[in-house]
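Comments concern the structure below.
The values are calculated or read from the model by the stated rules, or taken from the named source; none is laboratory data. The shown structure was predicted, so the numbers you read here are calculated from the model rather than taken from an experiment. Glycine gets a Cβ as well: all are built from the backbone with ideal geometry, and neighbour counts include every protein chain shown. For the accessible areas, the whole protein counts, side chains as well, though only heavy atoms, and no ligand, DNA or RNA atoms are used. Shrake-Rupley method; radii C 1.70, N 1.55, O 1.52, S 1.80 Å.
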Amino acid sequence: MEFDSIVPVDDLCMAAGLICTLQKGVLRHYELADGRELTVNIARNEWAMKNPDCYGDASRLAEKLGLASNGDCSKAFSLVEQLYAERENIPATFGYTPISRPVWEFAETCHPNDKNLISMMNRFGITKDIVKLYTLEGSIPQVKNGHRRERVLVTPMANEGEGFMAFDGKTFRSIGDSGITAMGQRRKDQICMVYENPLDFLALMESASHNGVYPLIARRYHIILNGKRGLSEACEYLKANPDFLEVRCFLPETEFGRTAFAAINDAVKGTAIDRTDMYRGARSLFGKHLPKVPEAYRKWKALHTERNMAVEEDKSRNVRQEQMKPKLDITPLLGGEKKAVIDRETGGLKL
């Protein structure tokens with residue numbers, strides 16, 4: 001019961017390495033290794049699966065996944081705690097490495113299928129369907145060891161040459177010529193939405209999918225700056241296309257984000273719309289939609305830590321009380337050994 005009150009079923013699925021394919025409203029769909037689908041209702045904190053029909057709470061799912069037995073959920077809880085520790089360290093924005101790669105080093109381009117990459121994006125709150133719709137997967141030589149290759153997610157950059165913006169879970173890296181990324185087709189009376197990096201764009205598309213407004217958002221035109229290098233190109237493009245109905249900016253709450261908005265606003269003659277109100281305090285659109293550590297777990301952790309500290313304090317106090325005081329020999333030292341003899345006649349004491 002304690003496990004079920006602390007751990008959301010959705011977090012248990014992520015901690016167990018299941019892949020989330022899509023989310024509609026409060027329903028999240030996961031794929032199992034045997035091809036079956038598991039559906040999680042995050043509002044009810046319950047799961048269900050067909051063939052055979054089964055459903056339940058987090059502890060029952062842990063048993064079904066082989067992470068618990070006879071009511072002992074410690075193994076499953078350990079995985080969930082590792083997941084929460086990772087969440088605490090996910091930044092709201094990622095930096096750009098100055099090291100770029102020639103485009104000919106980028107190989108094995110395909111729609112994302114690598115489980116590690118998709119699982120990583122799941123932990124960022126982005127489902128497999130959104131990842132496959134807007135990104136590609138490929139391999140590039142590792143920076144420190146060129147003989148080995150690493151798998152990365154990329155978004156194409158719209159420039160005269162070929163170029164990609166790659167993401168490995170830690171930093172962004174350009175492949176080929178740098179430039180902006182444009183998503184969507186130009187239409188009449190269209191709204192243009194501007195982002196600093198691909199993760200902010202993916203986060204918004206994921207949110208639109210959850211809320212049922214994806215068709216509306218997908219019809220808009222989207223520009224991703226891909227860092228400082230794409231800012232001037234984006235400004236030139238917006239200057240040359242004054243037929244946008246609106247230009248809405250979803251830039252991070254950083255020094256560069258403020259600088260970029262000022263430049264874009266100047267390019268469109270002061271008509272740009274700043275939408276940082278949507279993620280005030282979270283630093284970025286991506287940071288706003290990152291999965292959070294549940295409040296129930298935080299309260300349990302704080303109480304658990306407090307109890308442990310109290311137990312340690314009691315142990316320390318008992319140890320101090322149990323220490324025996326040293327015995328002191330108060331026998332006076334009057335010299336060497338002496339003998340006492342009682343006189344039989346007078347009963348006197350002779351030394």
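Below are the figures for this structure:
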item: Residues (in a strand (DSSP E or B), crowded, with 16+ Cβ neighbours inside 10 Å and out of contact with any Lys or Arg (no Cβ under 9 Å at 6 or more places or on another chain)) located in the range 107-137; result: L136
item: Given (1) touching a residue at least 40 places away in the same chain (Cβ under 8 Å); (2) in contact with a helix residue (DSSP H, G or I) (Cβ under 9 Å, 6 or more places away or on another chain); (3) farther than 25 Å from E253 by Cα; (4) open to solvent by 40 Å² or more (accessible area, probe 1.4 Å), index of the condition Y96 fails; result: (3)
item: Lone qualifier among M205, M165 - being within 17 Å of S284 (Cβ to Cβ) and either open to solvent by 20 Å² or more (accessible area, probe 1.4 Å) or part of a strand (DSSP E or B) (or both); result: M165
item: Qualifying position, being assigned to a helix (DSSP H, G or I), at pLDDT below 95 and over 23 Å from the mean Cα position of the chain (by Cα), among E337, E312; result: E312
item: Checklist (1) modelled with pLDDT of 95 or more; (2) buried (at least 16 other Cβ atoms within 10 Å of the Cβ); (3) within 26 Å of S174 (Cα to Cα) applied to E236, failing item; result: (2)
item: Some residue of the range 82-90 being in contact (Cβ under 8 Å) with a residue 12 or more places away in the chain, surrounded by 15 or more Cβ atoms within 10 Å (Cβ to Cβ) and assigned to a loop (DSSP other than H, G, I, E, B); result: yes
item: Boolean, A218 is free of Cβ contacts under 8 Å to residues at least 12 places away in the same chain, open to solvent by 10 Å² or more (accessible area, probe 1.4 Å) and more than 26 Å from E108 (Cα to Cα); result: no
item: The range 233-266, residues that are among the β-branched types (V, I, T), in contact with a Cys (Cβ under 7 Å, 6 or more places away or on another chain) and in a helix (DSSP H, G or I); result: I264
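Quick grid of which residues meet (1) in contact with an Asp or Glu (Cβ under 8 Å, 6 or more places away or on another chain); (2) farther than 24 Å from W104 by Cα; (3) not in a strand (DSSP E or B):
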site: S139; (1), (2), (3): yes, no, no
site: R151; (1), (2), (3): yes, no, no
site: Q185; (1), (2), (3): no, yes, yes
site: V194; (1), (2), (3): no, yes, no
site: F201; (1), (2), (3): no, yes, yes
